[in-house]
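Written below as C-alpha cells is the structure these notes are about.
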Ligand SMILES: Cc1ncc(COP(=O)(O)O)c(C=O)c1O
C-alpha cells in the first residue's frame, strides 16, 4: 500500500499550536507532524463520530485488548490489564509521578538536554530538580554515570528517563537501560520511563527499543512506563496515553495523586488509539521510510551547507538536535526567527542554550525549503 506524505496539507487556521501560534513564521518546532494520520484511524474516527453521542467515555474492550496485544507483540511484555492506567496525555503522567513519589525536601533527577516538561514537573510537586548532562563519546550520546553518581543524593526519589531520547534521538541499549535500572535500585529511585517515541525507530534490528517493561521483575517493580500511540500516528491533539505500573502500591499512589485534577479522557481518542495499534502498522512502516529520507537529507544538508552547525543522525523520531553554539548568540531560535522567519525550538528550554531542535516531520519539499532558509541565515 502506498501513502502520500508529499502533498502539503494546509494547517494554518486549523487551531494548530505549531502553525497558528506565530502564523507569520515557518514552523519547525513543536513535535507533531504535518501528515494526515493513517487512513484506518480516520475511518475509526468517522465511524465513532457517526454515532453522534459523545458522553463521558471509558476505555472500551477493543482498546484494552489492542493495548495488551501491542505490549505483548511490540514490547515483548505480558501485562495484566489492572497494571494499566489510561490518561489524557503523557505529560500529566510525568507530573503525577513526581507528585506521587516525592515529598518536601526531595528531588527529581534527569539527564539533559531533555524535553522541557521533564525540567518543569518538579514545580508541580514543589520539589527540587537535579540535572546531569548527557556525555558524547565515539560519535554518540551516552549517560555520564560518574556525574550521575555525584549528583544523586539521599533526597532524590525519581529518575525521569526519555527513551528514545527527545531531543537527542538516541535509543538506549539493553546494557544502558539495565545499568540505569540498577542505578535506580542502588539509590532507591522510581524509574519513570517515557517511551512515547519508541515506535519511531528507523532500524529496530540495529537499535531495538528496550522498554522498562522488559526489566527483570525485581527492577520492574520500581518502574512507571509511559506509552502512547500519539507521536507515531500523529494523533497527539486527541489526547491519549497510558502508564504501566507493575507494583500495586506504587500504582495506587500514582492513581490517587490524580485527585480531581484531570478531566475524563476524550471519547474519540480511545478509538483512534485502538485503530493505530490494530491497523496502523503499514502506515507506520511507510512513515518511517519517509522520515529516514528526511533525516538523511537534513544531515547531508547541514554537513554540506551549514558546516558552522553540527548534527548527529538520530536513531529515532523526527527531531534533529543541532549545535549552533558557533553562532555565538544567546538565543539561536531568536536568530533564525529574525533572520529567516523560522520558528524553531531553542535549546535553552531543554537546558542546553546554544542548540536548536528542528522538527523534520513534514513533506520533503517543505523540509528542504526550511533548511535552505536555515543555512542562508548563517551568513
Ligand atoms: C518525550 C515526550 N514525552 C511526552 C510528550 C507529550 O506527550 P502528551 O502530548 O501525551 O502529553 C512529548 C511530545 O513531544 C515528548 O516528546
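Give the residues of segment 165-180 that are in a loop (DSSP other than H, G, I, E, B) and surrounded by fewer than 23 Cβ atoms within 10 Å (Cβ to Cβ), sorted by residue number. Walk me through how you get there before you give the answer.
So the first thing to find is which residues in segment 165-180 are in a loop (DSSP other than H, G, I, E, B), and the list is 165-173.
Residue satisfying the conditions is 173 alone.
I'm checking my understanding of the structure. Among residues of segment 27-40 that are away from the ligand (no atom under 16 Å from the Cβ) and not in a loop (DSSP other than H, G, I, E, B), which one is surrounded by the fewest Cβ atoms within 10 Å (Cβ to Cβ)? Here the residue is 39. Residue 142 fulfils the conditions (1) more than 13 Å from the ligand (Cβ to nearest atom); (2) within 20 Å of the chain's Cα centre (by Cα); (3) crowded, with 19+ Cβ neighbours inside 10 Å except for a single criterion, (3).
Quick check on residue 57: is it more than 16 Å from the ligand (Cβ to nearest atom) and buried (at least 19 other Cβ atoms within 10 Å of the Cβ)? Talk me through it step by step, then tell me what you get.
Working: more than 16 Å from the ligand (Cβ to nearest atom): yes; buried (at least 19 other Cβ atoms within 10 Å of the Cβ): no.
The answer is no for residue 57.
Can residue 109 be described as more than 14 Å from the ligand (Cβ to nearest atom), in contact with a strand residue (DSSP E or B) (Cβ under 8 Å, 6 or more places away or on another chain) and in a helix (DSSP H, G or I)? Against the criterion (more than 14 Å from the ligand (Cβ to nearest atom), in contact with a strand residue (DSSP E or B) (Cβ under 8 Å, 6 or more places away or on another chain) and in a helix (DSSP H, G or I)), residue 109 does not qualify. Only one of the numbered conditions (1) surrounded by fewer than 19 Cβ atoms within 10 Å (Cβ to Cβ); (2) within 16 Å of the ligand (Cβ to nearest atom) is violated by residue 74, and that is (2). If you go through segment 44-80, how many residues are part of a helix (DSSP H, G or I), free of Cβ contacts under 8 Å to residues at least 12 places away in the same chain and touching a helix residue (DSSP H, G or I) at 6+ places or on another chain (Cβ under 9 Å)? Summing the residues that are part of a helix (DSSP H, G or I), free of Cβ contacts under 8 Å to residues at least 12 places away in the same chain and touching a helix residue (DSSP H, G or I) at 6+ places or on another chain (Cβ under 9 Å) in segment 44-80 gives 1.
Looking at segment 78-86, can you tell me whether even one residue there is at negative phi, assigned by TED's automatic domain parsing to the domain that holds residue 238 and within 14 Å of the ligand (Cβ to nearest atom)? Explain how you work it out, then say what you get.
Looking only at segment 78-86, we keep the residues that are at negative phi, and these are 78-86.
Now narrow it down to the ones that are assigned by TED's automatic domain parsing to the domain that holds residue 238: 78-86.
After this cut, where a residue has to be within 14 Å of the ligand (Cβ to nearest atom) as well, the list is 85-86.
Scanning segment 78-86, I find at least one residue that is at negative phi, assigned by TED's automatic domain parsing to the domain that holds residue 238 and within 14 Å of the ligand (Cβ to nearest atom), so the answer is yes.
For segment 239-320, which helices (runs of 4 or more DSSP H) that fit wholly inside it have 3 or more residues that are within 16 Å of the ligand (Cβ to nearest atom) and touching a helix residue (DSSP H, G or I) at 6+ places or on another chain (Cβ under 7 Å)?
Values: elements: 248-257, 267-279, 281-305.
By residue number, 267-279.
All of 195, 149 fail the test of being closer than 21 Å to residue 122 by Cα and surrounded by 22 or more Cβ atoms within 10 Å (Cβ to Cβ), apart from 195.
Inspect segment 190-213 for any residue being assigned to a helix (DSSP H, G or I), more than 16 Å from the ligand (Cβ to nearest atom) and either under 20 Å from residue 318 (Cα atoms) or at pLDDT 95 or above (or both) and give the result as yes or no. Yes. The set of residues in segment 60-71 that are surrounded by fewer than 21 Cβ atoms within 10 Å (Cβ to Cβ) and either more than 23 Å from residue 208 (Cβ to Cβ) or at pLDDT below 95 (or both) comprises 60, 61, 62, 64, 65. Entry remark, segment 153-164: residues being away from the ligand (no atom under 13 Å from the Cβ) and either in a loop (DSSP other than H, G, I, E, B) or touching a helix residue (DSSP H, G or I) at 6+ places or on another chain (Cβ under 9 Å) (or both) number 6 in total.
Scanning segment 2-18 for residues that are more than 16 Å from the ligand (Cβ to nearest atom) and either within 23 Å of residue 266 (Cα to Cα) or modelled with pLDDT of 95 or more (or both) returns 3, 4, 5, 6, 7, 8, 9, 10, 11, 12, 13, 14. Here residue 100 passes the criteria (1) away from the ligand (no atom under 16 Å from the Cβ); (2) outside any helix (DSSP H, G or I); (3) in contact (Cβ under 8 Å) with a residue 40 or more places away in the chain except the one numbered (2).
The values are calculated or read from the model by the stated rules, or taken from the named source; none is laboratory data. Source: prediction; values computed, not measured. Here Cβ is always computed from backbone atoms with ideal geometry, including for glycine, and neighbour counts include all displayed protein chains.
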